[in-house]
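Read the structure below first, then the notes.
The values are calculated or read from the model by the stated rules, or taken from the named source; none is laboratory data. On a predicted model such as this, the values are computed, not experimentally measured, just so you know. Glycine also receives a Cβ, built like all others from the backbone with ideal geometry; neighbour counts cover every protein chain displayed. What goes into the accessible areas is simple: the full protein's heavy atoms, side chains included, and nothing from ligands, DNA or RNA. Shrake-Rupley method; radii C 1.70, N 1.55, O 1.52, S 1.80 Å.
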Amino acid sequence: MKHKRSRGMTRYGLERKTSLGQQLLAGFGLSIATVGISTLWINHRLIQVDLGRQAEERAQTITQSLEFSIEGLLEIEEQSILRRVVQNYATLPAVIEIAIVSPDGRTIAQSGQIPHGRIYAEVHPELIPVMDQALERGADVSQEIKLNGEAALVQILPFQSTLFGTVGQRGLAVVILDLQQLRQDAEQTFLTSTITLVIGIVLLLLLMARLLQQQVLHPLNSLNQAVNQSKRTGLFTLPPDLPPNEVRFLATTFDTVFKQLEAYDQLQAEITQRRQVEAILRESEARERQKSNQLEATVQELRKAQTQLVQSEKMSSLGQLVAGVAHEINNPVNFIHGNLHHANHYIEDLLDLLRLYQQCTPPIPTIQDKEEEIDLDFLQSDLPKLLASMKVGADRIREIVQSLRSFSRLDEAEVKDVDIHEGLDSTLMILHNRLKAKSDHPPIQIIKDYAQLPKIECYAGQLNQVFMNILSNAIDALDEQNMQRSKQDIAAQPSQITIQTRPIQDDRIAIHIIDNGPGMPAPVQQRLFDPFFTTKPVGKGTGMGMSISYQIVTDRHQGSLHCISAIGQGTEFVIEIPVQQTNSRAIGIGTEGAGVSTKSE
């Protein structure tokens with residue numbers, strides 16, 4: 001679409017490029033790098049802390065296995081086989097030396113070059129305290145030592161054998177491990193995991209760069225070129241190759257803004273003409289000042305109306321989308337739901353016929369084998385249950401579709417008599433996913449206190465939008481409060497939203513939406529219905545939700561909307577509207593704005 005743009009509109013173009021891709025990649029890369037470094041640091045610390053325990057467990061395993069292996073060899077005095085077994089254990093990773101010592105301290109078998117029968121304590125005097133401790137305790141002992149200037153772990157296990165004769169005489173199984181080699185193995189493992197993580201981060205960043213280029217940067221560049229072209233030609237052309245995401249929405253917003261700016265130019269031309277007439281008529285300075293103030297107020301109203309038009313266009317699009325989805329789902333669901341009843345009867349008839357065949361036909365071995373193979377008794381009992389569960393699921397989908405259609409109300413753009421409770425229930429159905437319990441937040445209880453009300457003459461879709469905004473804000477406040485409370489506090493005082501409806505006199509009704517959240521201070525309440533005012537972080541609210549809700553209730557329905565709140569005592573919104581509308585005044589929110597908005601400002 002092309003729109004002519006006046007010379008005053010050029011300031012709305014994209015005047016400079018920003019390296020959005022680099023910023024996004026830098027932020028994403030920094031986040032991944034931070035998580036990766038933290039993971040590596042924790043892994044390194046765990047490896048260092050766990051190294052000593054692993055070394056001790058390895059040494060203990062070797063000594064116990066060695067004791068089991070040499071028990072029989074000692075009894076038959078097979079020295080050559082015994083030395084071979086010791087040599088085999090010595091080939092295990094990080095093993096420096098393995099020795100079998102007799103109760104008198106002589107070497108029976110050893111993996112090194114110590115002669116057979118030599119006093120083992122003379123070879124390694126630094127092991128004498130550890131050997132004495134093991135003999136005294138009668139249990140295995142593990143201790144770190146310095147062997148030839150290198151860190152080592154010695155594990156000594158006392159054991160008994162009939163070869164030693166006297167009761168109480170114990171030999172020793174000695175295992176010495178190289179701690180330095182174990183540390184090197186751990187560091188090698190850590191290095192391998194580090195390299196793998198770095199490669200994964202690089203590949204992930206490359207994938208993100210590819211996706212950003214295709215889905216964000218290229219469409220933004222096309223939009224930027226279109227805006228720059230509009231500076232030179234005065235015409236804005238919507239790029240044709242934009243993906244169906246936020247970039248297209250931004251381009252559509254540009255298109256809408258240019259339309260509004262064209263109308264604004266026309267208004268400015270009219271203002272100029274009026275000023276020329278005023279100059280010709282030479283009216284008084286006071287009157288000119290008054291008109292100038294009026295014109296400034298008009299500009300502010302136009303800006304406000306422009307924002308409201310963009311918001312109502314978004315509401316209309318979302319409403320059409322919801323109604324279309326609900327319609328498309330409704331047809332196949334009705335087909336399934338309508339045929340389930342007949343299918344149930346058909347299957348019951350077939351099962352009855354099958355039972356009749358079983359009663360009237362003599363047993364046939366082939367058929368009996370097939371019945372056992374398919375478990376016919378189970379099929380006969382489970383098939384009706386299966387159809388019943390399918391019917392429950394179809395009924396649930398029909399309820400959800402009906403709630404979506406009731407909420408969107410695209411077929412009720414004009415004033416109609418509706419059940420206000422139906423609008424509240426459909427809004428709660430839309431918000432059901434935010435109300436139920438999840439892993440990151442507890443459930444929010446809904447307490448309905450509905451009074452008997454007559455049908456209300458209103459714009460049903462717009463009132464549903466008001467309910468959505470107020471309930472979404474209440475859910476946000478309760479979720480934020482629960483993040484700061486313990487599980488015990490939440491269990492003692494669960495989050496609740498109470499919805500009350502009451503008749504007032506004979507011609508008005510009141511809707512109370514009450515939560516037990518943190519409440520609001522007085523300064524926030526004073527500005528609650530101001531346009532663009534929000535207490536939410538940037539990007540989570542536009543500040544238009546409560547302002548538009550206020551206008552829908554007060555201007556569109558000649559009602560009132562006010563808030564009652566205090567810190568620590570929750571918040572209550574009271575909506576009062578008449579049962580019958582006396583007139584319908586346009587307030588800048590078109591009837592096509594009766595759409596769906598699940599986002600609260």
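Pairs from the list Lys391/Lys448; Lys416/Lys536; Lys436/Lys536 with a Cα-Cα gap above 30 Å: Lys416/Lys536. Here the simple spin-label model places points 7 Å from the Cα toward Cβ, and for Ser80 and Ala263 these points are separated by 10.8 nm. Entry comment: accessible area of the stretch 188-299 is 66 Å² per residue, from protein heavy atoms only and a probe of 1.4 Å.
FRET efficiency for His342 and Leu30, Cβ-Cβ distance as r, R0 = 56 Å, nearest 0.05? If you can, show how the numbers build up before the last one.
Working: r = 61 Å, r/R0 = 1.09.
For R0 = 56 Å, the calculated efficiency reads 0.35.
Using R0 = 41 Å, the C-beta based FRET efficiency linking Gln54 and Ala491 works out to 0.45. Highest average first, the peptides 443-449, 357-363 ordered by how many other beta carbon atoms sit within 10 Å of their residues are 443-449, 357-363. Subtracting the Cα-Cα distance of Asp419 and Phe378 from 0.36 nm times their residue separation leaves 10.0 nm of extension gain.
Please work out how much length the chain gains when fully extended from Met208 to Arg274, using 0.36 nm per residue of separation minus the C-alpha to C-alpha distance, in nm with one decimal. Could the numbers behind the result be given before it?
Working: separation 66, 0.36 × 66 = 23.76 nm, distance 5.59 nm.
Going from the current span to full extension adds 18.2 nm.
Peptides 496-506, 175-185, ordered by how many other C-beta atoms sit within 10 Å of their residues on average, highest first, read 175-185, 496-506.
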